[in-house]
Ligand code: HPA
């Protein structure tokens with residue numbers, strides 16, 4: 001068995017340990033819609049990705065690259081400020097390497113956010129969607145290659161890729177807070193182009209409610225390592241009944257920024273309600 005992955009994780013953790021000895025319970029990927037949550041992390045230790053051995057470095061516009069450790073709602077957290085995408089040219093293994101590091105740091109739960117195009121006719125721009133399942137249409141997979149049984153099984157179960165209890169806590173919290181929260185299936189494609197009308201129709205037909213270019217690789221690896229996953233999409237644009245309006249990336253960012261306070265508020269309450 002090739003021990004390189006284990007060794008690489010160990011080296012990353014050694015880099016992190018030069019800054020802090022915090023053992024986080026919870027990992028968060030601050031994707032689109034959650035970026036500002038980093039500001040709420042108390043006594044935070046901010047580690048630029050380029051100071052962490054073996055970490056990839058984020059290039060995409062609108063994302064910075066730091067690992068932030070500290071306390072949020074009385075829980076120790078590790079947050080990725082900036083994530084990696086397949087369309088940037090990273091391999092699926094590179095994209096998901098930080099997930100493995102956060103798990104080895106101690107996190108057993110991971111919260112992931114993203115921006116997604118809405119295809120369900122009940123959705124409106126700016127709505128939030130709780131991901132209850134996904135479809136991998138990236139044509140690739142981070143688990144391809146030799147498997148280290150100590151890290152996770154060769155054939156991981158994906159029957160509950162998104163944790164039922166976390167879904168239930170989140171829906172209950174949204175109800176209490178009066179936040180509209182849909183439930184849906186997220187389909188992951190590589191991008192970087194948005195979809196053609198024919199592609200949107202296909203994605204609706206195969207059972208997806210929202211489409212995006214992230215999350216699926218991270219959720220696969222989180223499941224491989226036995227982490228409990230919570231995923232929330234911010235619906236930034238709509239392609240309903242095959243009617244696709246011209247979308248500019250800036251509009252996607254603007255819609256995400258508008259939903260950010262609601263998404264951030266919800267996630268903070270959810271973290272509070274997660275009983276350890
Ligand atoms: N398609 C793919 N990715 C996206 C979209 C979309 O419509 N909106 C935001 N990310």
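Quick look at the values:
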{"item": "Listing of strands (runs of 3 or more DSSP E) fully contained in region 45-126 that carry 1 or more residues being within 16 Å of the ligand (Cβ to nearest atom) and under 17 Å from residue 30 (Cα atoms)", "result": "109-118"}
{"item": "Subset of region 17-42 (residues that are in contact with a helix residue (DSSP H, G or I) (Cβ under 7 Å, 6 or more places away or on another chain) and over 27 Å from residue 213 (Cβ atoms))", "result": "23"}
{"item": "Test: residue 210 is closer than 12 Å to residue 131 by Cα and within 16 Å of the ligand (Cβ to nearest atom)", "result": "yes"}
{"item": "Wholly within region 172-276, helices (runs of 4 or more DSSP H) carrying at least 3 residues that are at pLDDT below 95", "result": "197-205, 249-273"}
{"item": "Single unsatisfied condition, residue 70 versus (1) surrounded by 23 or more Cβ atoms within 10 Å (Cβ to Cβ); (2) more than 18 Å from the chain's Cα centre (by Cα)", "result": "(1)"}
{"item": "Identity of the residue in region 10-44, at pLDDT 95 or above, surrounded by fewer than 21 Cβ atoms within 10 Å (Cβ to Cβ) and part of a helix (DSSP H, G or I), that ends up nearest to the chain's Cα centre (by Cα)", "result": "13"}
{"item": "Residue within region 108-130 that is in contact with a strand residue (DSSP E or B) (Cβ under 8 Å, 6 or more places away or on another chain) and over 23 Å from residue 209 (Cα atoms) present", "result": "yes"}
{"item": "Any chance residue 51 is surrounded by fewer than 21 Cβ atoms within 10 Å (Cβ to Cβ) and at pLDDT below 95", "result": "yes"}
{"item": "Qualifying residue in region 56-66 (condition: in contact with a strand residue (DSSP E or B) (Cβ under 6 Å, 6 or more places away or on another chain) and modelled with pLDDT under 95)", "result": "yes"}
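Results for (1) surrounded by fewer than 19 Cβ atoms within 10 Å (Cβ to Cβ); (2) closer than 17 Å to residue 130 by Cα; (3) within 16 Å of the ligand (Cβ to nearest atom), shown as yes or no for each residue.
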| position | (1), (2), (3) |
| --- | --- |
| 170 | no, yes, no |
| 174 | no, yes, no |
| 179 | yes, yes, no |
| 191 | yes, no, yes |
| 200 | no, no, yes |
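The values are calculated or read from the model by the stated rules, or taken from the named source; none is laboratory data. Note that the structure is a prediction, hence the values are computed from the model and not measured. When we count neighbours, we look across all protein chains shown, and the Cβ atoms used for this are built from the backbone with ideal geometry, even at glycine.
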